[in-house]
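The values are calculated or read from the model by the stated rules, or taken from the named source; none is laboratory data. A quick note: this is a predicted structure, and the numbers were derived from the prediction, not measured. Cβ sites come from the backbone with ideal geometry, for glycine too, and all protein chains shown count toward neighbours.
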């Protein structure tokens, strides 16, 4: 079983309609990997906020949640039918 969390910062420097602007992004993510029999599950969530210099405010938030499934050894097509 594996578990981890991360915090990441990023700055985007860009030109929009010929004008320079920048955007600061801060991301928090967490995931945990575990197995049920031969199937591995890896659920994770990610939350990100954006500060945009064009508006001088926090302009956007984003939340993602997913689960990645895999098997070990991999299941062949013949085993699924």
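Observations on the structure shown:
- Restricting 47, 20 to residues that are surrounded by 12 or more Cβ atoms within 10 Å (Cβ to Cβ), at pLDDT 95 or above, out of contact with any helix residue (DSSP H, G or I) (no Cβ under 9 Å at 6 or more places or on another chain) and outside any loop (DSSP other than H, G, I, E, B) narrows the list to 47.
- Hey, residue 26 closer than 30 Å to residue 71 by Cβ and surrounded by 10 or more Cβ atoms within 10 Å (Cβ to Cβ) or not: no
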